[in-house]
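Chemist: So that we are looking at the same thing, I have put the structure below in structure tokens.
The values are calculated or read from the model by the stated rules, or taken from the named source; none is laboratory data. Small disclaimer: the values here were computed from a predicted structure and weren't measured. Cβ sites come from the backbone with ideal geometry, for glycine too, and all protein chains shown count toward neighbours. To get the accessible areas, we keep the full protein, side chains included, count just its heavy atoms, and leave off ligands, DNA and RNA. Shrake-Rupley method; radii C 1.70, N 1.55, O 1.52, S 1.80 Å.
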Amino acid sequence: MDREELYQVIVERTPSRNLINHMLAVEAIMRGLAVHFHEDVEKWGLTGLVHDIDYAETKDKPNMHSIVGSEQLHLMGVSEDICYAVRVHNSLHGLPRKSMMDKALYAADPLSGLIVACALIRPEKKLAPLDTDFVMVRFKEKRFAAGANRDQMLACQEMGLDLYRFVAIGLSSMKEIAAEIGL
């Protein structure tokens, strides 16, 4: 399936616009990371786009989240490396992150939430005025965007990226789609 087909599946299965925006944000971050690492931008982007395809149906069963999605994607004919990355992005399963794409998705997922939270506390409620230093200050505030797992973001080091560079790539990537996600 191509990106547009997968996007339509996500829109049909996802009742929350905020969740769709989250998946678009992770897609953007993954694309930015793929450019940085000279990886397959389309494949990494698709992985970010579909990573929470099952969230609407598994949100009350966290131990099933990403297993169901990975199986759904497999049945749709999505490549096995994307299915695996989706499966391992949920740390509850304890599966090893083998590829750079696995590691990138795991770290990118909570970063999108932190960046959105940073935008929403600003008077403009936009990404444009944010800079990496602002996000880094908020990263250090444990109670700010408490659901954005800091340890998971720090896993960017598994890819050889320091946190500052990782945040900079994520923020820049999300700014590219700010209008699409309403920020």
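Chemist: Of the residues that sit in segment 125-179 and are of a type outside the set (Val, Ile, Thr), out of contact with any helix residue (DSSP H, G or I) (no Cβ under 7 Å at 6 or more places or on another chain) and part of a helix (DSSP H, G or I), which one is nearest to Ala34 (Cα to Cα)?
Modeler: Arg165
Chemist: Please find, among Ser91, Ser99, the residue that is touching a residue at least 60 places away in the same chain (Cβ under 8 Å) and more than 11 Å from Ala148 (Cα to Cα).
Modeler: None of the other options fit; the residue is Ser91.
Chemist: If the requirement is being within 16 Å of the chain's Cα centre (by Cα) and within 21 Å of Ala168 (Cβ to Cβ), which of these qualifies: Ala128, Ala34, Ala119?
Modeler: Of Ala128, Ala34, Ala119, the one residue that is within 16 Å of the chain's Cα centre (by Cα) and within 21 Å of Ala168 (Cβ to Cβ) is Ala34.
Chemist: Restrict the check to segment 90-100 and report whether at least one residue is open to solvent by less than 60 Å² (accessible area, probe 1.4 Å), polar (S, T, N, Q), out of contact with any Leu (no Cβ under 7 Å at 6 or more places or on another chain) and assigned to a loop (DSSP other than H, G, I, E, B).
Modeler: Yes, because at least one residue in segment 90-100 is open to solvent by less than 60 Å² (accessible area, probe 1.4 Å), polar (S, T, N, Q), out of contact with any Leu (no Cβ under 7 Å at 6 or more places or on another chain) and assigned to a loop (DSSP other than H, G, I, E, B).
Chemist: Please verify whether segment 59-75 includes one or more residues that are over 27 Å from Lys175 (Cβ atoms), charged (D, E, K, R) and modelled with pLDDT under 95.
Modeler: Yes, some residue in segment 59-75 is over 27 Å from Lys175 (Cβ atoms), charged (D, E, K, R) and modelled with pLDDT under 95.
Chemist: Quick check on my filter: what residues within segment 130-158 are within 30 Å of Val11 (Cβ to Cβ) and hydrophobic (A, V, I, L, M, F, W, C)?
Modeler: Correct list: Leu130, Val135, Ala145, Ala146, Ala148, Met153, Ala155, Cys156.
Chemist: I need every pair where a residue in segment 133-158 that is closer than 12 Å to Asp109 by Cβ has its Cβ under 6 Å from the Cβ of a residue that is of a type in the set (Phe, Trp, Tyr) and open to solvent by 20 Å² or more (accessible area, probe 1.4 Å), sequence separation at least 6 or different chains.
Modeler: Ala155/Tyr106
Chemist: Quick check, is Val86 of a type in the set (A, V, I, L, M, F, W, C), within 21 Å of Arg17 (Cα to Cα) and at pLDDT 95 or above?
Modeler: Against the criterion (of a type in the set (A, V, I, L, M, F, W, C), within 21 Å of Arg17 (Cα to Cα) and at pLDDT 95 or above), Val86 qualifies.
Chemist: Take the residues of segment 18-56 that are without any contact (Cβ under 8 Å) to a residue 40 or more places away in the chain and surrounded by fewer than 16 Cβ atoms within 10 Å (Cβ to Cβ): which is nearest to Pro110 (Cα to Cα)?
Modeler: Across segment 18-56, the extreme among qualifying residues is Asn18.
Chemist: Right, next: Considering segment 158-179 alone, what residues qualify as being of a type outside the set (Gly, Ala, Ser), closer than 14 Å to Ala128 by Cβ and open to solvent by 20 Å² or more (accessible area, probe 1.4 Å)?
Modeler: Of everything in segment 158-179, those that are of a type outside the set (Gly, Ala, Ser), closer than 14 Å to Ala128 by Cβ and open to solvent by 20 Å² or more (accessible area, probe 1.4 Å) turn out to be Lys175, Glu176, Ile177.
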